[in-house]
Amino acid sequence: MIDNGLLVQMILGALLGLSVYLPMAAGQLSLATPAFYAVGGTLAALLSTQGGAQSAISLWSVLGEMLLAAGLTAGLALLVGLPVLRLRGIYLAIATIALVEIVRVAILNLPFTGGAAGIFGIPQPFQQPFGYVLFSGGVLAVCGWLFQRLEASRLGRSMAAIRDDELASRCMGIHTTRVKLTAFVASAVLAGITGVIAAHYLNTWNARQGSFDVAITTLAFVILGGSRNWLGPVIGGLLLTALPELLRPVGDLRLVLFGLVILLGPVFFPQGLITPALLERLGRWKP
Amino acid sequence: MIDTLLQTLLNGAASGGVYALVALGYTLIFSVLGVINFAQGALFSLGGYLTYLLLGGKIGVNGALPGWGLPIGLPLWLALLLAALGSGAVGLLVERVAFAPLRRRGAEPLLSLITSLGAGVVLVNLLQLLMGAEGYAFPQAAAGLAKLPESLLLGGARIRTIQVLLLAISALAVASLSLWLERSRSGKAMRAVAEDPTTATLLGINSVAVVRLAFLLSGMLAGLGGGLIGMSVSLAGPYFGISYGLKGLAVLVLGGLGSVPGAIVGGLVMGLAEALIPSEASGWRDALAFAILFAVLVLRPSGLLGRRQLEKV
Amino acid sequence: MLRSGGLSPTDPLVARRRGSARLAAAVAGALALLAFLGRSSDPAAQRLNPEAPLTLGAALALTGNANLYGQDQRMGIGLAQGWLQGQPHPRRVALQREDGASDEPSAIAAFNLLIRRGVIALIGPTLSQQAFAADPIAQRQGVPVVAPSNTAKGIPQIGSFISRVSAQSSVIAPLSIDEALRREPATRRVAVFFAQDDAYSTAETAIFQKVLAARGLKPVSIQRTQLADNDFQNPITAALQQRPQLVVISAQAVDGGNLIRQLRELGYRGQIVVGNGLNTPNIYPICQRWCNGVLIAQAYSPELNTPVNLAFRRLFAEANQGRTPGQIAAQAWTAYQVVFEAIQRVQKRGGFEGLTLGEARQQLMKELLSGRYDTPLGPIRFRPDGEVVQGRFYVAEVRMDATGRNGRFNLVREQELPEGTP
């Protein structure tokens, strides 16, 4: 049974999936999402616990935190993106993994981020999970609308072109560096604001929230869901976040089954679940 | 102080040897396939547990078959060898399930990153189901190590005897591997495939067999490494291999992806760099490995000894 | 209707776009449906059925790297359940277990699941770190929580429904240091190791260092390690260069066990004092014969000669091939016992008559805090804020047998602490 608490985590998973999807749509395999997720969460945790313990916080403050997190992650992404995006394929992937680990250790060791215990007692904008469902669902809806428009836009088509053949795109006059950087920064911003929501939802935040494991799970969202359309990571994120929880009755076999899904998914659905062909069929379907 | 310097060097060499072993496993596969096998860490753990069982150890109360064990314990060298072979065999299985189907279909090579990770997750959790998560110490008597002194004093610096053993065995394995790659027919075939798969096939080399051989060898290296680590620090849950796996990635890049001597040099350099960190900053140690990794990728992606990858236009 | 750019409606791109719009609508609908279905049908407002058993929820770390502790806790609770259910009791109590894994989101999920199923109280979670995340949720919903072994500072203070049976580390830690100093009064040089990425160890080492400072000892070396480390050549050789006479370790079972073994192998012959993370027989396989002589302060001693502890030891030995129980299992038993007995007391005086689940939870919490209990830990009771008051603590020394595979925590000192000591 999916209760509202799980639903919130599913929606957050979908948002993180979208964050991983953005660079991929421009042909870049970047696993940096957890680093920016961690930065966003840490920022929210620090800001909202500044004035000592409170149990509630207004929604406007949370929106303010999201704005600040967006700015911070965008800045970091610009700084890191320029050197990193020159790399290709596996090298880029590993560089972003390294980034995630560096950020994690930094948050662990910096004096003001709470160290190993992290920061707890983060105030809540909502008393019930349902509030979070509405809020994060709203964020997801806005993102969905933006992504749907992105695919038709000039930026979206540039990204698709770069994905197909970067060299050719450059020859055609597309500013590949600028496009790739835009995708990277947007991905970072999305991860950052998801971190803000997550920090409030989880009540506590520590360095382990943005670890290598998260990089892999969020990547699996995209790979399984499909990397050709924004709905792929959304559905992948929703399903794969729910899966370990739905598998609870199976007990100890839970993680084995989860691993099997990640192992066999790409073998049997190499383009993921939501393929362009599927979308085409859906589009032509006349009820 | 000379003492401190020597101690640091010794510490660095000890951990560097293990890193080199892990990186070599990655290197073999990367050189022939161009992908990273994320199940490597899990094979590490598998090797540790297999060695334990082969030495006559019994499964603990939290495992699937509490109290089960082999009727006799094998001598250490045999246990290590068989455990390595076992891991190698599972490595072949991983190739069959997680890599081959994608290659056959011509799917994006990065997908095998995911599938190999899934294989690793499955393997580690199966190990957990079978053996439980408790600690396992290798049976003392079979190891025959009780007669040796616990640590050696080398010119004012101390090192645990078992670390020296670890270093010696890793060095032996690495040297044999390098020799084999250099001299033997199949070794040369592997280097040919690594250089240029198409030409190699045209020359009549069975690249499928070479790929399988790479997985077998890399699995064996991982298994051997896991057994050695288990000897040194005992086994503490199947997850220990994963952290070595991650560090091994950094070494791999530092030394140069696809370069065997690079993996060795990279391992030693990484070990030394970590040993040089003062204790106040030891929390940043993990970040050092990855900062090095990051810097190498940005400044010199081919690593210390890798070949420069030319962009084919 | 022609779309922008004059593309025909059957053009693949347009079809795909329409398809994705439709799919998005379907997903949105599904999410809305799930949100509606999953809204809190909080059972707290329902009246208790006098015939039905009351359910206890246990959220323990059954997977992940804290599952060594979680398995001990499951054992302790299971044994307590068997023993207490075997005696006559007015109200039936059922037990539901959920895996809290070793991270915060899983603990939160486990708590939520159990609360939705209408448990009257919760036992858990395993890690202090998880408690900071999950306990506020129980507090908000008014569900009593009894933590078997969360010893970090500030946990009962999370709320009026949060309590624990595990004494705070600041109470226990000084005892082992004092014992070490009693044995070697000439100790001047102390080295401290702690796992800096573990919330518990970081808090505990601060307490150890405060105690050392109070005894006039400043550490000659403070080494920070990581939980995932198992090779300590670097920090050990650095510390040994300062020739310490006493080593104090705050870590968990595996890394701590390896640290002890390697300290000894590298030639350290002085005393070793360890913290609560190593308070488990799980260290024996790791440090083997090198565990000998390690000092630890405990909230539980198997040698306590009370009927309940003798029963606990007997049942534990039967289920575990003759082994002696450790503190984690004893605390888990105690947590279950405390809630069970409180329930029975309320039932006996008719306190559950006609109440809703929410009100029953409040009643139970009140009763829990006001009772006295005779547990394997000794006699305990609670302070109004949910902190346990335990009069007796122990210092033990690890003694390994000749094979180096099995050992025991040998009681060397019992300490009565005046009640009310913070």
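Derivation of every value follows stated rules applied to the coordinates shown; laboratory data play no part. Remember, predicted model here, so these are calculated numbers, not experimental data. Because the Cβ atoms are built from the backbone with ideal geometry, glycine has one as well, and the counts that use them run over all protein chains shown.
Per-residue Cβ counts within 10 Å, from other chains only, averaged over B:149-156: what number is that?
Counting other chains' Cβ atoms within 10 Å and averaging over B:149-156 gives 2.
Could you tell me the center-to-center distance, by alpha carbons, between region B:222-247 and region C:39-110 in angstrom?
Going from one Cα centre to the other spans 34 Å.
What are the semi-axes of the equivalent ellipsoid for the protein assembly as shown, taken as the square roots of 5 times the Cα gyration tensor eigenvalues, largest first, in whole Å?
Ellipsoid semi-axes (Å, largest first): 45, 39, 25.
Normalised by the residues of chain B, what does the relative contact order come to in percent, with Cα pairs under 8 Å and at least six apart?
Once divided by the residue count of chain B, the mean separation gives 35 percent.
Estimate the FRET efficiency between C:Thr403 and A:Leu253 by the formula 1/(1 + (r/R0)^6), using the beta-carbon distance for r and 35 Å for R0, to the nearest 0.05.
Efficiency, rounded to the nearest 0.05: 0.50.
Quick one: of C:Lys153/C:Lys348; B:Lys247/C:Lys210; B:Lys58/B:Lys147, which pairs are farther than 26 Å apart, Cα to Cα? Before the final figure, lay out the partial values.
Numbers: C:Lys153/C:Lys348 35 Å; B:Lys247/C:Lys210 35 Å; B:Lys58/B:Lys147 23 Å.
Table pairs above 26 Å Cα-Cα are C:Lys153/C:Lys348; B:Lys247/C:Lys210.
Based on DSSP loop calls and a cut-off of at most 11 other Cβ atoms within 10 Å, the longest stretch of chain C free of exposed GluC sites (Glu not before Pro) is what?
Numbers: sites that count: C:Glu51, C:Glu353, C:Glu419.
The segment C:52-352 is the longest one with no such site.
Which net charge results when you count Lys and Arg as +1 and Asp and Glu as -1 among the other residues whose beta-carbon is under 13 Å from that of C:Gly267?
Charge balance in the 13 Å sphere: +4.
Just checking the output field for C:20-33: average partner chain Cβ neighbours within 10 Å of each residue's Cβ?
Values: counts 15, 6, 4, 9, 9, 1, 2, 7, 4, 0, 2, 10, 2, 0.
Neighbouring Cβ atoms belonging to other protein chains average 5 per residue here.
In the protein assembly as shown, if the dipole is taken from +1 on Lys/Arg beta carbons and -1 on Asp/Glu beta carbons about the Cα centre, which of B:Leu268, C:Thr306, C:Ala317 is farthest to the positive end?
In the protein assembly as shown, that residue is B:Leu268.
Looking at the protein assembly as shown, which Cys residues are left with no other cysteine's beta carbon under 4.7 Å from theirs?
For the protein assembly as shown, the answer is A:Cys143, A:Cys171, because their Cβ atoms have no other cysteine Cβ under 4.7 Å.
All other residues with a Cβ under 15 Å from the Cβ of C:Gly351 taken together, and with Lys, Arg as +1 and Asp, Glu as -1, what is their net charge?
Overall, the nearby charge balance is +3.
Suppose R0 equals 56 Å. What FRET efficiency, 1/(1 + (r/R0)^6) with r the Cβ-Cβ distance, do A:Thr177 and B:Leu129 give to the nearest 0.05?
For A:Thr177 and B:Leu129, the calculated efficiency is 0.70.
Using the count of nearby Cβ atoms within 10 Å as a rough guide to exposure, how do A:His200, A:His175 rank from fewest to most?
Details: A:His200 24, A:His175 13.
Starting with the residue having the fewest Cβ neighbours, the order is A:His175, A:His200.
Hey, which aspartates and glutamates would be in cross-link range of A:Lys286, C-alpha to C-alpha under 18 Å, not counting anything within fewer than 8 residues on its own chain?
Once the sequence-local aspartates and glutamates are set aside, what remains near A:Lys286 is C:Asp11.
Taking only Cα atoms and a 10 Å spring cutoff, compute GNM fluctuations for chain C and point out the largest among C:Ala228, C:Ala109, C:Ala329.
Of the options given, C:Ala228 has the highest mean-square fluctuation.
Quick one: check the C-alpha center-to-center distance for region B:121-136 versus region B:46-60, whole angstrom.
With region B:121-136 and region B:46-60 each reduced to a Cα centre, they are spaced 12 Å.
How high is the relative contact order of region A:4-223, in percent, counting Cα pairs under 8 Å that sit 6 or more residues apart? Could the numbers behind the result be given before it?
Values: 337 pairs, mean separation 106.0, N = 220.
Relative contact order here is 48 percent.
Evaluate E = 1/(1 + (r/R0)^6) for B:Val208 and C:Ala44, where r is the Cβ-Cβ distance and R0 equals 60 Å; express this FRET efficiency to the nearest 0.05.
Numbers: r = 63 Å, r/R0 = 1.05.
After rounding to 0.05, the efficiency reads 0.45.
Dipole size in debye (nearest 20) for region B:213-313 around its Cα centre, Lys and Arg Cβ +1, Asp and Glu Cβ -1?
Rounded to the nearest 20 debye, it is 340 debye.
When N is the residue count of chain C, what does its C-alpha Rg come to as a fraction of 2.2 N^0.38 Å?
For chain C, the normalised Cα radius of gyration is 1.17.
What's the whole-number percent of alpha carbon pairs in chain B lying beyond 28 angstrom?
Pairs farther apart than 28 Å: 40 percent.
How high is the relative contact order of chain C, in percent, with contacts defined as C-alpha pairs under 8 Å that are six or more residues apart?
After rounding, I find 17 percent.
Between region C:372-395 and region C:304-355, what's the alpha-carbon centroid distance in Å?
13
Mind checking which aspartates and glutamates have their C-alpha under 15 Å from B:Lys188, skipping anything on the same chain fewer than 8 residues away?
Here the aspartates and glutamates satisfying the reach criterion relative to B:Lys188 are B:Asp196.
Within the set of other residues whose C-beta is less than 14 Å from the C-beta of A:Ile122, count the net charge using Lys and Arg as +1 and Asp and Glu as -1.
-2
At q = 0.07, 0.08, 0.12, 0.14 Å⁻¹, what is the base-10 log of I(q)/I(0) for region A:4-223 according to the Debye formula with one equal point scatterer per Cα and no solvent? Please give it to two decimals.
-0.21, -0.28, -0.61, -0.81
Pull up the cross-link candidates among the aspartates and glutamates for A:Lys180, meaning alpha carbon to alpha carbon under 14 Å and not fewer than 8 places away within one chain.
A:Asp164, A:Asp165, A:Glu166
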